[in-house]
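Here is the structure we will look at, set down as structure tokens.
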Amino acid sequence: MALGCIGNGKTMNVWVANIFAANSLACAIAMTSLGALFLFLATRLDRGRSHAWMRLDWFTPALRKWKPGAVPSHSFIGRSIRKVTPDFFQSNRITKRRGMVRRVLRWMGISWLASPVRRLVQAACLVAFLYLFLFVCWPYHARPNSDARSSHGWSFAEMDQATGRFSLSRDEPADYNAAQGTKLFLFDQSQPDLVRGSLGQVEVLGLDSRRCDLAPAGDLSVELLDAFYIGSGPIAIYDRDPTAWPTHYADSLSAKEFVSAEVFLLIDPLVSLSTAVASRSWVWSLSSAFAILVICMLIPRGFCGYLCPLGTTIDLFDWAIAGRTKRFRVPDQGWWVHTKYYLLAGTMGCAVMGVLVSGFVAAIPVLTRAMLLVVDPVQNGSMRGWHLVPSMNGGQWLSIGLFLSILCLGFLRPRFWCKYVCPSGAVFSLGNLFRVTERKVESSCIHCNKCVEICPFDAIKPDFTTRTSDCTMCQSCGGVCPTHAIKFVERWNVVELKVLNDPPSGDTPIGRRGFMSLAGGSAAAVAGGVAVTTLTKTFGANLNDPNAFRPVRPPGSVPEKNFLEMCIRCGECFKVCPNNVLQPEGFQQGIEGLWTPMVNADWAGCESSCNACGQVCPTGAIRALPLIEKKAARMGLAIVDELTCLPMANQEACDLCVQECNAAGYHAIEFMRVHSQMDDQGRPMEDSGFLAPKVLVESCVGCGLCQTRCFAINVKERGVLQRSAIVIEAGTGKEDRLMTGSYVEAQLQRSGTLRESEVIERAPQYFVPKTSPSSTPSENVESSESPF
């Protein structure tokens, strides 16, 4: 049996992931080409402006009086807007009286007036980020399916072999109704469990209290024929499949994901680039990173200026708090101005040596983790109850402090982080080397300095030309230029440009910020990368020590070494996890394991109806598994403490763990009798002693539900134990950690008790014939479509 699900991406195998990557890049190239074509055609219709092949001017030009015969708008788009807009919205070009639109934008702020398109896109992206985080990733919209209605005690009456139609009868009247055409499920009650007793799905032809006429919903099954001729029975009727695993958490996420919940993580290129280098593997989200870099060839550093929700959050903090005081301001020249490049070099250097630290500094993981630790507890506590908010450890407070430090850099200069520190922005700055368009200044420039004052990224030189590696095409400078001397055109445009180095800028080819800082910063980046790698490995997970701490990882996690090299510490899996089963690791594995997800089974157990953590993981550290695969993935093994377990310690009867395991559908714990009393002949007396739990190693997946129940009742509520008597442990022989392949196959090989046909009957859509290529893609009803 081969399962067409390897997990490099949204439940895709390697072959499908490669196709997905090619399609994403092709889509990005097509979008960029179409955008360039549109700009070319629109530019052909310009009036009264210098010649250009492509013009990206979407700022609001500064208001100035008309000259005789002048047109109110030079661009085709601007003229079209003026024609369809009521007059009172428009400004009077003769009196220079602002129209309503300009008055509203001016009230909102000078940057809104100068570049409203950028501000609107920024706001939309921040709202989209919050929507994905607070709504799509909020798991508690899910509702369990209602219990199946059933009727028992039916027996076979007759069958028409030609048509496959048959009848069931019952001696006693049954209180059960179903309309004609309703789909029902039949089960042989003589079998030991429902899975083995399944006879297939049927369609109702007629039903009353004593007789039921049915027809197979598909082909007549062998099990149904055997049951009819052998005369086994009685037969049970269900209105839905009682053996189907509940899917409400998986279905809820899939239904809400109009775009992938992790879309902003996918388009942060540092996330996938560093992960791919650290793990020496193809990371499926690389395709999205490459796609956004291709798009940013047309709009250089457009991610930073328009899309990044962290940048917008910093803007809001600067406007509300940091911008209220200037006593801590630093000049725009200093050793710090190239920090982002050195930080990028150090981050990638660590990745080359197998240590992933980009989660500490990459823009979107920093913001997502901060939302998890600051906003999610408020949402969770206010909507579900404050007693359901887990306590924080030292590592989590460190993450909050890191985020607050990034915000407080705004006291030094507005958007200090974005200008000088952010390594994700440095990736786009390097991508600007391949830009197609850029900011240009024409000879009508009057050196008024307004563009320098409003630029949020320090991208304008003293001679008012452009530092192309820093410019994000925000176009705020174009909106404040009183002479309309600024244009955003193709890179090779040299029409009517101002004289360079007038006034003298003092910039060298590597920038006026100094040549010596390049050598010093480069040396510091290399030394810092080596130091961080050495420190992390020395005081890290210590995977070679069998006695070292081994956390229980989410289902579908890749092997621990690969996991630590691929987990970006973004926190997305924590948010989608119902009941906070996954919680951030502290310093148990040093810096190497800090903020990675681990199962806290004392708090809650892994829901059998949820596969969300793998669906939102942007790097594949947690594989995106179909629900049937997730349910077979061993996270750990339940271990019973014979000294404290109440029945084993001869204290009292207790079956909490067995009840919970059976309710989840695993049936991985059975009873064995202990402390039986002996009769005079030395034989155990019936019903004496206690029934104690025995874990079936081949069936246990380490979900932790048993530990949760024991801890909640026997430790917290009754206080009869100091710790749970059954705990989940990870490590060699206790977990399945696969980079590729099927967990169901691993379970079959491990147990040898579950027939392959029975597994296929549960979810046949996930399986492909053995003769099919292993790269054949599978359908996955639980997973979401990629945003690209």
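Note on ALA62 and LEU130: the model spin-label points, each 7 Å out from Cα along the C-beta direction, lie 3.4 nm apart. Computed in the context of the full set of protein chains, the accessible area of the chain at 1.4 Å probe radius has 60% of its extent on carbon or sulfur. The simple Förster model, with R0 at 60 Å and r as the Cβ-Cβ distance, assigns GLN659 and CYS27 a FRET efficiency of 0.75. Extending 7 Å from the Cα toward the beta-carbon at both ARG240 and GLU496 defines two label points whose distance is 6.8 nm.
Counted by Cβ distance under 14 Å from PHE317, the other residues give a net charge of +1, where Lys and Arg count +1 and Asp and Glu count -1.
Packing, taken as the mean count of other beta carbons within 10 Å per residue, orders the peptides 733-746, 558-571, 201-214 from highest to lowest as 558-571, 733-746, 201-214.
Fully extending the segment from LEU643 to ARG280 would add 126.1 nm, taking 0.36 nm per residue of separation and subtracting the current Cα-Cα distance.
Pair-distance distribution of segment 554-682: all C-alpha pairs, bin width 5 Å, starting at 0; shares per bin in whole percent are 2, 9, 16, 19, 15, 11, 10, 7, 4, 2, 2, 1, 1, 0. Accessible surface for THR619 stands near 0 Å², nearest 10, in the context of the full protein assembly shown (1.4 Å probe). Quick one: net charge of VAL121's neighbours, Cβ under 15 Å, K/R +1, D/E -1? Summing Lys/Arg as +1 and Asp/Glu as -1 gives +2. Using the Cβ-Cβ distance between MET685 and ALA148 with R0 = 41 Å, the FRET efficiency computed as 1/(1 + (r/R0)^6) comes to roughly 0.50.
Among the listed pairs LYS561/LYS630; LYS561/LYS694; LYS326/LYS419; LYS256/LYS419, give every one whose C-alpha distance is greater than 25 Å.
Working: LYS561/LYS630 21 Å; LYS561/LYS694 32 Å; LYS326/LYS419 18 Å; LYS256/LYS419 35 Å.
Flagged as over cut-off: LYS561/LYS694; LYS256/LYS419.
Loop-located trypsin sites (Lys or Arg not before Pro) in segment 688-732 (DSSP state not H, G, I, E or B) with no more than 16 neighbouring Cβ atoms inside 10 Å: ARG718, ARG723.
Which whole-number percent is the relative contact order of segment 419-507 (Cα, under 8 Å, 6+ apart)? Provide the component values of the computation, followed by the final result.
Details: 121 pairs, mean separation 33.4, N = 89.
Rounded, it is 38 percent for segment 419-507.
Between segment 563-580 and segment 355-422, the C-alpha centres lie 14 angstrom from each other.
Work out, in µm²/s and without decimals, the Stokes-Einstein translational diffusion coefficient of segment 621-671 at 37 °C, 0.692 mPa s, Rh from Kirkwood over C-alpha pairs. Each step should come with its number before you reach the end.
On the way: Rh = 13.1 Å.
In µm²/s, the coefficient rounds to 250.
Convex hull volume of the Cα atoms of segment 620-742, normalised per residue: 134 Å³. Ligands, DNA and RNA are left out, and with a 1.4 angstrom probe the accessible area of the chain is 45 Å² per residue.
Here the Kirkwood formula, the inverse mean of 1/r across different C-alpha pairs, assigns the chain a hydrodynamic radius of 30.3 Å.
Please compute the net charge surrounding ALA664, taking Lys and Arg as +1 and Asp and Glu as -1 over other residues with Cβ under 13 Å from its Cβ. Present the calculation step by step, with values, prior to reporting the outcome.
On the way: positive: LYS630, LYS631, ARG709; negative: GLU607, GLU660.
That works out to +1.
So what's the gap between the Cα centers of segment 628-645 and segment 287-320, to the nearest angstrom? Rounded to whole Å, the Cα centres lie 44 Å apart.
The average projected area of segment 602-648, computed from the convex hull of its Cα atoms over all directions, is 4.7 nm². A straight chain from ASN92 to ARG324 at 0.36 nm per residue would run longer than the Cα-Cα distance by 80.1 nm.
For the ranges 578-590, 623-635, what's the packing order if you count other beta-carbon atoms within 10 Å of each residue, average per peptide, and put the highest first? Please report the intermediate quantities before stating the final value.
Numbers: 578-590: 20.1, 623-635: 26.5.
Ranked by mean Cβ neighbours within 10 Å, highest first: 623-635, 578-590.
I'm checking a number: the convex hull volume of the Cα atoms of segment 356-402, normalised per residue, in Å³. What is it? Before the final figure, lay out the partial values.
On the way: hull volume 3.5 nm³, N = 47.
Residue-normalised Cα hull volume stands at 75 Å³.
Membrane-span-like helices of the chain, defined as complete DSSP H segments with a Cα extent of 27 Å or more along the helix axis and a mean Kyte hydropathy of at least -1.0, are identified as 14-44, 516-538. The reciprocal of the average 1/r between distinct C-alpha atoms defines the Kirkwood hydrodynamic radius, which for segment 422-489 equals 12.3 Å.
Pull out the extension gain between VAL84 and ALA215, defined as 0.36 nm times the separation in residues minus the alpha carbon to alpha carbon distance; nm, one decimal.
Numbers: separation 131, 0.36 × 131 = 47.16 nm, distance 6.32 nm.
Length gained between VAL84 and ALA215: 40.8 nm.
Counting only C-alpha contacts under 8 Å and six or more residues apart, can you give the relative contact order of segment 656-695 as a whole percent?
On the way: 52 pairs, mean separation 15.7, N = 40.
Rounded, it is 39 percent for segment 656-695.
Projecting the Cα atoms of THR243, SER221, ALA291 onto the charge dipole of segment 150-303 (Cβ charges, centred on the Cα centre) puts ALA291 farthest toward the positive pole.
Taking the Cβ-Cβ separation of VAL526 and GLU158 as r and a Förster radius of 60 Å, what is the calculated FRET efficiency to the nearest 0.05?
Working: r = 84 Å, r/R0 = 1.40.
With R0 = 60 Å, the Cβ-Cβ based efficiency is 0.10.
Peptides 179-189, 29-39, 484-494, 605-615, ordered by how many other C-beta atoms sit within 10 Å of their residues on average, highest first, read 605-615, 484-494, 179-189, 29-39.
The values are calculated or read from the model by the stated rules, or taken from the named source; none is laboratory data. Nothing here was measured: the structure is a model prediction, and the numbers come from that model. Note that each Cβ is placed from the backbone with ideal geometry, even for glycine, and that neighbours are counted across all protein chains shown. Heads up: the accessible areas ignore ligands, DNA and RNA and are worked out on the full protein's heavy atoms, side chains in. Shrake-Rupley method; radii C 1.70, N 1.55, O 1.52, S 1.80 Å.
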